[in-house]
Amino acid sequence: MLLLDPAAAVTKEQRRELLDVAMDSRAEDAPKLVVLTAVHLVRRGVFHDAFRRYDKNGEPRGWDWSPKGSRVPVNADLGRTALEVTDAQGGVSFQEEGSAPWGTDPYLLAAESDQAGILLRGAEGFQQVVTREVFAALMAFNEDLAPADPADPKTAGPEVGPDVPILLAMSEASGWNLNLQDALVAQHGHDVWASNGLLRWVPQGKSAPAMLVRQVQEGTGVHGQWLLREPATVAAAAKLPHGGPVDWSRREIAIPVAGPDHRFHTYISMDFREQPDGGNYRSRIYSRLAQSNRWVLFRPGRAELRTARLLPWVEEKRPTPFFANMHGGAGWSEWFTEDGHERAAGPETGRRVARQVALSGLPLDHPLVVLSCFGAMPGGTFRDVPNPPVADGRRSATSRARMPAGADPLTEPPDCQYASNESDRTVFTTNFTNAVEFAVKYARNSLPTRP
């Protein structure tokens, strides 16, 4: 509860703090241990006035737990943003510079952060790395955002109205999932903006105010985006199959990807650290999946160009799909988790995919496109007869992944049939391998700018 080092001895002062937290009136009827942790953080001064931010009219406009010397400049221009690109030679350029998508005056929450946690500071030099779940619980004690108690008309309403968006000026706040954004949306009823990549404050010129930019390395690392979560989306998501409140216990990591409107339309459950470019190409091209309109059959070892055809959901004029991406084989999918890779059989695959597509809040007439190899091929458990027939059920003698075995499609449906059943959506996938590329490389009649 006090977030102590497990290897360190507990002192008398820490034991006394534990008892004081338990007896604190703010801890009364706490439903979870993280709420007690949040009370402890409040007691240690994380909401001290030294960390408060105000707007030009002197009204509360957020908190900044950055270290001294790195605090958000008082005159920072929150109405502008850009993409800072560093090339292989160390040169820096700014792209996509312009008005910020959240407007000019958001409620700012700034801190150092990464995928491991958020670093908060308090009174008398206190500092502590906390999980996103703890941070969300802490914000329930933020009086700027706390809603009025409808049962007590004497209570004051929030200092900051629900029309003001919340901006998480924290690197990778939504790098692995949307949990923190969704928790804050549900808790406070505001639009919440965050990034799945790196952020930093940079001056616009010698005398111009600083602005918040996404920071990328050319050709390597995640190509970060701004992600928007809205009360209407979160409410709609809760009503869809496998939707519901934020589930902090889920182990799978589903990196969220958005389109030009900053809304979640794709997830990628892969460890980008294992990819040569750190996920740069995949995170960039998958943000454009909704613009895709053609597919082509590609046969490895054959260099001839093929005729590109309209994608089936485009040809049928269906609403924009939701896209799911992970490794897989016949009868299983592979997910990235905090503990490494984890394989899921068909039924569990269906539940996990349905959970992710529900987060989009898209109506059920929007189809689901599962970009997982062999997603439409029955798996089976009888491995003596490979399906399709290959030596020893493997691509090669050194391959660790078995190819799909002979299976009865009536009793052992493919993964994506489970995904369709669980999400209650039409699913498009392939029965062999698939990839997303710019089709000009393989098709004689494709538009070169579309994946």
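The values are calculated or read from the model by the stated rules, or taken from the named source; none is laboratory data. Quick caveat: nothing in here was measured; it's all calculated off a predicted structure. No Cβ is skipped: glycine too gets one built from the backbone with ideal geometry, and neighbour counts run over all protein chains shown.
Details
- Flag for GLY122 being of a type outside the set (D, E, K, R), in contact with a Gly (Cβ under 7 Å, 6 or more places away or on another chain) and touching a residue at least 40 places away in the same chain (Cβ under 8 Å): yes
- Only one of the numbered conditions (1) of a type in the set (S, T, N, Q); (2) touching a residue at least 12 places away in the same chain (Cβ under 8 Å); (3) closer than 20 Å to PRO165 by Cα is not met by ASN57, and that is (2).
- Boolean, VAL234 is of a type in the set (Val, Ile, Thr), under 15 Å from the mean Cα position of the chain (by Cα) and at pLDDT 95 or above: yes
- Within the range 164-197, being closer than 19 Å to ASP105 by Cβ, in a loop (DSSP other than H, G, I, E, B) and in contact (Cβ under 8 Å) with a residue 60 or more places away in the chain holds for PRO165, MET170, HIS190, ASP191.
- Scanning the range 198-231 for residues that are basic (Lys, Arg) and over 15 Å from the mean Cα position of the chain (by Cα), we see that the one that is nearest to SER287 (Cα to Cα) is ARG214.
- A residue that is modelled with pLDDT of 95 or more, part of a loop (DSSP other than H, G, I, E, B) and not polar (S, T, N, Q) occurs nowhere in the range 127-137.
- Positions within the range 11-25 being part of a loop (DSSP other than H, G, I, E, B) and surrounded by 12 or more Cβ atoms within 10 Å (Cβ to Cβ), in sequence order: ASP24
- Qualifying residue in the range 167-184 (condition: hydroxyl-bearing (Ser, Thr, Tyr), buried (at least 19 other Cβ atoms within 10 Å of the Cβ) and touching a helix residue (DSSP H, G or I) at 6+ places or on another chain (Cβ under 8 Å)): yes
- Residue in the range 335-350 that is more than 26 Å from ARG306 (Cα to Cα), modelled with pLDDT of 95 or more, out of contact with any Gly (no Cβ under 9 Å at 6 or more places or on another chain) and of a type in the set (Phe, Trp, Tyr) present: yes
- Inter-residue pairs, beta-carbon under 8 Å, first on the phi > 0 side of the Ramachandran plot and in the range 213-238, second in a strand (DSSP E or B), 6+ apart: GLY221/LEU198
- Only a single item in (1) at pLDDT below 95; (2) more than 19 Å from the chain's Cα centre (by Cα) is not met by ARG318, and it is number (1).
- The condition (being basic (Lys, Arg) and either out of contact with any Asp or Glu (no Cβ under 6 Å at 6 or more places or on another chain) or closer than 30 Å to LYS239 by Cβ (or both)) is satisfied by just one residue among ARG282, ARG343: ARG282.
- Entry remark, the range 56-70: residues being among the acidic types (Asp, Glu) and surrounded by 17 or more Cβ atoms within 10 Å (Cβ to Cβ) number 1 in total.
- One residue stands out among those in the range 26-47 that are of a type outside the set (Val, Ile, Thr) and in a helix (DSSP H, G or I): the one that is surrounded by the fewest Cβ atoms within 10 Å (Cβ to Cβ), which is LEU33.
- Sub-8 Å Cβ pairs linking a first residue in the range 247-263 that is touching a residue at least 60 places away in the same chain (Cβ under 8 Å) to a second residue that is among the acidic types (Asp, Glu) and crowded, with 18+ Cβ neighbours inside 10 Å, at least 6 apart or interchain, are TRP248/GLU133, ordered by first then second residue.
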